[in-house]
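Colleague: Provided herewith is a single structure, encoded as structure tokens, for subsequent inquiry.
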């Protein structure tokens, strides 16, 4: 299955995988507005891949088949304030 990958013009480290280059018809309008103008990154055959960077290959395939797209968000990073609180035993009251 050919897969086109686009990066977001508005959100860092956010990628959109679709099955047909430049066909965003399966993407909900609110998501496209948040994603911004898609910037083409590459196209590849997902069936020939053993793994994908940070995305789970099986999940991406399933979402492409069922939804027509897969949205890859950046990994969650804990805020410095939360990290400080955890290290110093500070709790919210």
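Colleague: Can you list residue pairs whose Cβ atoms sit under 9 Å apart, with the first residue in region 70-93 being over 21 Å from residue 56 (Cα atoms) and the second being at pLDDT 80 or above and in a helix (DSSP H, G or I)? Count only pairs 6 or more apart in sequence or on different chains.
Modeller: Cβ pairs passing all conditions: 78/86; 90/84; 91/85; 92/85.
Colleague: Name the residue, out of 64, 71, that is within 23 Å of residue 35 (Cβ to Cβ), out of contact with any helix residue (DSSP H, G or I) (no Cβ under 6 Å at 6 or more places or on another chain) and in a strand (DSSP E or B).
Modeller: Of 64, 71, the one residue that is within 23 Å of residue 35 (Cβ to Cβ), out of contact with any helix residue (DSSP H, G or I) (no Cβ under 6 Å at 6 or more places or on another chain) and in a strand (DSSP E or B) is 71.
To keep it simple, each residue is scored yes or no on (1) at pLDDT 95 or above; (2) in contact with a strand residue (DSSP E or B) (Cβ under 6 Å, 6 or more places away or on another chain).
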residue	(1), (2)
25	yes, no
32	yes, no
48	no, no
54	no, no
62	yes, no
67	yes, no
72	yes, yes
76	no, no
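Colleague: Mind checking which residues of region 21-34 are closer than 27 Å to residue 77 by Cβ, assigned to a loop (DSSP other than H, G, I, E, B) and out of contact with any helix residue (DSSP H, G or I) (no Cβ under 8 Å at 6 or more places or on another chain)?
Modeller: We begin by selecting, within region 21-34, every residue closer than 27 Å to residue 77 by Cβ; these are 27-28, 30-34.
Filter again for assigned to a loop (DSSP other than H, G, I, E, B), leaving 27-28.
Selection gives 28 alone.
Colleague: Return the only residue of 77, 91, 37 being part of a loop (DSSP other than H, G, I, E, B) and more than 16 Å from the chain's Cα centre (by Cα). I'd like the intermediate steps shown before the answer.
Modeller: Values: 77 fails: more than 16 Å from the chain's Cα centre (by Cα); 37 fails: more than 16 Å from the chain's Cα centre (by Cα).
The conditions single out 91.
Colleague: Mind listing whichever residues of region 62-93 are surrounded by 10 or more Cβ atoms within 10 Å (Cβ to Cβ) and within 21 Å of residue 9 (Cα to Cα)?
Modeller: Correct list: 68, 69, 70, 71, 72, 73, 74.
Colleague: Related question: From the residues in region 43-61 that are surrounded by 12 or more Cβ atoms within 10 Å (Cβ to Cβ) and assigned to a helix (DSSP H, G or I), which one is nearest to the chain's Cα centre (by Cα)? Give the derivation first.
Modeller: So the first thing to find is which residues in region 43-61 are surrounded by 12 or more Cβ atoms within 10 Å (Cβ to Cβ), and the list is 43-44, 46, 49, 52, 55-57, 59-61.
Filter again for assigned to a helix (DSSP H, G or I), leaving 46, 57, 59-61.
On the way: 46: 15, 57: 12, 59: 11, 60: 10, 61: 13 Å.
Top of the filtered list is 60.
The values are calculated or read from the model by the stated rules, or taken from the named source; none is laboratory data. It should be emphasised that the depicted structure is a prediction, and the values quoted were computed from it without experimental measurement. Positions of Cβ are backbone-derived with ideal geometry, glycine not excepted, and every protein chain shown enters the neighbour counts.
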